[in-house]
Structure formats: C-alpha cells, structure tokens
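Everything on this sheet refers to the single structure shown next.
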Amino acid sequence: MLNASIENIQPLYKSATLPFFLSAVEKFSTESLPLLLQETNNLHYSQLLLLKITNLLVLKYQFLHRHEHLLARPFGLLVDPSNSCPLRCPGCLHNTYFRQHKNIIDWPDGLLSLDTFKLFLKQYAPYALYMHFFNWGEPLLNKNTPQFIKMAKGFCLDTVLSSNLNVKFNADDLVHSGLDFLIMSVDGATQETYQRYRQGGDLELVISNIKKLVAAKKKYNMQSPRLLWQFLTFEHNVSEIPLAKEMAQNLGVDVITFNEPYDVSWGDPSLAADNKHLEKTIFSEYTPDTQNVARTIESIESNSSHIEKCYNQNWHTADGKDNSPLTVTHGNRCPWLYKNLVMDALGRILPCCYVPEKSDKYDYIFSTVTPTNHQDHFNTDCFIEARKKIIGSQTTGAPYHDEKIPYCMDCNNRKVANIDTDNFSKYFNKYNSAHSFKPLLSETSINLLANWSN
Ligand code: SF4
Ligand code: SF4
C-alpha cells in the first residue's frame, strides 16, 4: 500500500502546485498510519517512519522546483562533536601551516555541548535519516560523543563516526551507544609509514583502540558498529597494503578499503597520491544488527511526545511563506543546500563541508544554534539567498552579517544531484529486517524517493 501510494504521488512532481502536492502527501500519511501500525505494532515508530518518508517526498518536490524557502527538512545531518584534532595531516586545516597562520582559516577549537546538540536534534532529527559525527575534527575528543549517538538513535538515525583513533576513550561506551558505522583512518601498517601522512599519530595507540573496540563488540555480542579501516593510498604507503590487510583481518575489522586521497601536495609536496591500488576487502558481510535495531526502536519512546507533535503538524501550516512552484529547470543545482545541514562543535551552521575561511567578503557561517536563536537554521537569509543564486533567480545582492555575502554566491561547485540511493535502501531495509515484516519500501519506491534528477 505504501509503495502504491508513493508511486501514485510521482506524476504530481511535474503537474501539481505546492498546496495540491502537500494535500496528497498529508492524505498518504494519514491513510498509511493504520496500515503501518498493523505491521509494526508500534505507534511512535510508525509515525517516525512516515514523518521521514513524507519529508523526503516534500524535499524532493522542493528541490525539483528549486524552492528558496523550504518546508521540508534536510535528510542528512553532519555534526562535529569536536573542532579540534591532535594530528596535523598535511591536507587538513589542522596542519602545521594553518596552526602557525591562524588568520587564514576560521576554525576555533572547541567541543560541542549537550545543550547545543539537544537543540539541533529536536529541530531536525525526527525528519532525517542519518547523522555523521565528523567533518573537520576528531569526534572522540569529546567525552559526550557516545551520549550524542545514543540521543540520535532515539530518533532512529543511522549514525556514522570517523576517527583517527589517536585518543584514549571508553570503547565499551562507544559500542554500547548504538553506533552503526565506525570509519578508522589508518594509512600505514608501520609507525614510520603511518606518520608520514598522519603527522603526530601513534599507530600503537590506534591498534590498541581497535582491539578494545573488537573486544567490546564481543562482550556485548553486537555486530555494530561495523568497523571500516580506511587506508588512503599514497606512493609512500602502498607497499604496506598486504600487511595492513593481514593486520585488519587478525584484529577482527569488518572491512578494509584502499581509497585515493584528495590532493594534499599543497600541504606536503613529498606526498603523492596513488590511484593504482584502490580496492576493498570485506572480512565479514554486512547484515543489519537486529539487536541494535530493536534497541533503537525501544529508545524512541523517550521522544514519543515530540514525535507525535511533529507527525501531527500539518504540512500546509508549517510555514505561511509563498512557495509557488517555479518552472522546473535543468540548470544549476547544489543538492547540499537541500539535503544536508552541517553544524560544527560551536553550533555554527555551515552550507556544506567547505572549510570556512576568514574573509571580509564571504559569509561561511549561515546561522548559529544557541538557546536564544529560535529561527529555522535551514531557512536563514544566507540559505535563501544562496538557493536564489543557484537557481538563477534575482538575489538582493545585499550584504548580510558584517557586510558579507554567502559564500555560495561565488562557488562553482554545483554538481548534478547525487542523492544517496544506497543509503536510503540500507536505511529502510534495515528496519524491515528487524521485524521480519514485508519490506516497508520496494526498490521502486526507494528509487523514486532518491532520484532527484530532472
Ligand atoms: S585526523 Fe582528520 S581532522 Fe585530524 S588532522 Fe588529520 S585529516 Fe584533519
Ligand atoms: S554552492 Fe558551493 S559552498 Fe554552497 S553549499 Fe553548494 S558546494 Fe557548498
């Protein structure tokens, strides 16, 4: 029934006005709830899933029509628990050069507070599918990171963390948080090679942390987090690929991938990327961790009243601003301005994962999450002006905060929409598998939700 309804909505993307489209989505949501409830026997879980699906339907409509002001929320959330990092990788804003020239990059040290995280979570997590806990810092420097993950799971978010593992942390807490995926950045199998890129890194500490994580997974009998060893391939380290594979297998890592790094020669001219050894070895096939999924579903009860409130909110009345459909264009697009929201450890909202620079001309910070800032951070003047520019509509050209313009105004990186079909599929199928009911969404439905091309 869900699938048939999603398929029926598709023709409306081209023909319907926004009010008509929203009515169809609301009808879909109301009619689907009792049917989903029969399958899941869990009201708030059903409401949450429908909230995420309806949000995707509306978001796709608003992207295809290049709306400037959005009723829908982002489906992917990126959060930095820490702005700091103990390492100095040459291609990163934490490298030695930027540490010595603090007037170039606008990236103050700091750790994300629980209060700021809660504000962000409440506003966006009910609608989103995943949260990535990394951007430009080492997330495990923040002792609250396992708590952040637990809270995100309370809204059924898939959680991914990327770490260099050069920190002492409580592996039991991290595993028990319900984290789904852990990317471990280890680009070498001996200390000498490893530290060429991961400057200041200690491979012995990394290996001991991997052992603790594997032991914690055994202790709690958990398949998650799935442990992914990510090895960036440079000319100086590819000779250690066989040894790294052997070590990963012996340690109990699930997957090792050999990926080409982006160009870091500007940070260290002696480092040359290698693209001839890209490969992936899977030591254990991915299967959803049904125990973790069951715990996740249980944990959403702590947010039941908020979920209910969001589910019952009428899309029509979510905002009074005019959003009449524009002609669908094949022109410029930047999906970042629709699909993601990025917050650093200081609560600063960025348009994407670009490094904010200190600039008199450009504004890289589109909003800041604070207890007194009640605006929708996804619809600030900066976001709206940036979306206007991308679709080629008239911008005011007026400077915003501190006489600056949003960085997007002059950014040329506006790629074809690449929406995460695989992630959508993994997300919805994982929750099906935990309940052994029929797949919630068919492959066709998932493709319809994820295909934003026009
Ligand atoms: S580990 Fe990551 S955040 Fe830290 S310096 Fe290296 S690239 Fe930057
Ligand atoms: S237009 Fe450029 S700066 Fe703006 S969100 Fe897209 S990629 Fe980032």
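The values are calculated or read from the model by the stated rules, or taken from the named source; none is laboratory data. Remember, predicted model here, so these are calculated numbers, not experimental data. With ideal geometry, Cβ positions are generated from the backbone for all residues, glycine too; neighbour counts draw on all protein chains shown.
Quick look at the values:
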{"quantity": "Tally of residues being modelled with pLDDT of 80 or more, of a type in the set (Ser, Thr, Tyr) and surrounded by 18 or more Cβ atoms within 10 Å (Cβ to Cβ) across region 418-450", "calculated": "2"}
{"quantity": "Enumerated helices (runs of 4 or more DSSP H) restricted to region 191-287, each holding at least 2 residues that are basic (Lys, Arg) and surrounded by 14 or more Cβ atoms within 10 Å (Cβ to Cβ)", "calculated": "203-219"}
{"quantity": "Qualifying positions in region 337-388 - within 16 Å of the chain's Cα centre (by Cα) and part of a loop (DSSP other than H, G, I, E, B)", "calculated": "344, 345, 347, 351, 352, 353, 354"}
{"quantity": "Criterion violated by residue 305 - all others in (1) in contact (Cβ under 8 Å) with a residue 12 or more places away in the chain; (2) more than 23 Å from the chain's Cα centre (by Cα); (3) assigned to a helix (DSSP H, G or I) satisfied", "calculated": "(1)"}
{"quantity": "Count of region 389-414 residues which are within 12 Å of ligand 2 (Cβ to nearest atom) and either modelled with pLDDT of 80 or more or β-branched (Val, Ile, Thr) (or both)", "calculated": "9"}
{"quantity": "Total residues in region 98-112, condition in contact (Cβ under 8 Å) with a residue 24 or more places away in the chain and surrounded by 15 or more Cβ atoms within 10 Å (Cβ to Cβ)", "calculated": "6"}
{"quantity": "Number of the exception - residue 153 against (1) surrounded by fewer than 19 Cβ atoms within 10 Å (Cβ to Cβ); (2) closer than 22 Å to residue 78 by Cα; (3) among the charged types (D, E, K, R)", "calculated": "(1)"}
{"quantity": "Residue that is farthest from ligand 2 (Cβ to nearest atom) [pool: residues in region 184-204 that are in contact with a helix residue (DSSP H, G or I) (Cβ under 8 Å, 6 or more places away or on another chain) and charged (D, E, K, R)]", "calculated": "204"}
{"quantity": "Every residue from region 158-178 that is touching an Asp or Glu at 6+ places or on another chain (Cβ under 8 Å) and not hydroxyl-bearing (Ser, Thr, Tyr)", "calculated": "158, 160, 164, 166, 167"}
{"quantity": "One residue from 356, 335, 371 being within 16 Å of ligand 2 (Cβ to nearest atom), at pLDDT 90 or above and closer than 30 Å to residue 83 by Cα", "calculated": "356"}
{"quantity": "Residue check, residue 46 touching a residue at least 40 places away in the same chain (Cβ under 8 Å) and hydroxyl-bearing (Ser, Thr, Tyr)", "calculated": "no"}
{"quantity": "Number of positions in region 17-61 that are touching a helix residue (DSSP H, G or I) at 6+ places or on another chain (Cβ under 7 Å) and among the polar types (S, T, N, Q)", "calculated": "8"}
{"quantity": "Filter result (over 30 Å from residue 427 (Cα atoms) and either aromatic (Phe, Trp, Tyr) or within 16 Å of ligand 2 (Cβ to nearest atom) (or both)) within region 73-127", "calculated": "93, 97, 98, 105, 106, 107"}
